[in-house]
1. Where both partners of a DSSP beta bridge lie in the chain, what percent of those bridges are antiparallel, to the nearest 5?
2. For segment 31-59, list residues with backbone N below 16 Å from a point placed 7 Å from the Cα of residue 75 toward its Cβ?
3. Taking Cα centroids, how far is segment 9-31 from segment 49-125 in Å?
4. Evaluate the relative contact order of the chain (contact order divided by residue number), counting alpha-carbon pairs under 8 angstrom at least 6 apart; express in whole percent.
5. I need the semi-axes of the equivalent ellipsoid of the chain: take the C-alpha gyration tensor, multiply each eigenvalue by 5, square-root it, list largest first in whole angstrom.
6. Put a dot 7 Å past each Cα toward the Cβ at residue 105 and residue 120; how far apart are the dots in nm?
7. If packing is taken as the average number of other Cβ atoms within 10 Å across a peptide's residues, how do 44-50, 65-71, 8-14, 26-32 rank, most packed first?
8. For residue 11 and residue 94 in the same chain, what is the full-extension length gain: residue separation times 0.36 nm, less their Cα-Cα distance, in nm?
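Throughout, read-outs are computed from the coordinates displayed, never taken from laboratory work. Bear in mind the structure is a predicted one, so any value in this text is a computation, not a measurement. Note that each Cβ is placed from the backbone with ideal geometry, even for glycine, and that neighbours are counted across all protein chains shown.
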């Protein structure tokens, strides 16, 4: 969705910098993204590490770089600065996953596999 949105807006998507979902991986990725003006992280833990890398390099969030995470972990509001993030409905995701698993076990897979569980943008201080 991120890449499609950029392309639709006429913006060439930058290369993806991969990590292993940890704050340390976010820190290491941040060292490669110091010139960025905005970064969308795959999860909030990686965003936490990115925030540290940016601060260590003297980059200000959100003045120099906007940062968005994904998951809305309970501590996201207490990061410095509080993290803008995408909130997932984990109970709905779990319900959907268990339903798909049961349908697969019973041999009655349904169209639910392609259903989208809505998300919510939680705007905090890490973006302009």
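1. 35
2. Under cut-off, by backbone N: 43-53.
3. Their Cα centres are 15 Å away from one another.
4. Numbers: 191 pairs, mean separation 26.7, N = 128.
Here the relative contact order equals 21 percent.
5. Working: eigenvalues 196, 55, 37 Å².
Result for the chain: semi-axes of 31, 17, 14 Å.
6. For the pair residue 120/residue 105, the computed spacing is 3.1 nm.
7. Values: 44-50: 25.6, 65-71: 22.7, 8-14: 8.7, 26-32: 20.1.
With the highest mean Cβ count within 10 Å placed first, the list reads 44-50, 65-71, 26-32, 8-14.
8. Numbers: separation 83, 0.36 × 83 = 29.88 nm, distance 3.43 nm.
Additional length available on full extension: 26.4 nm.
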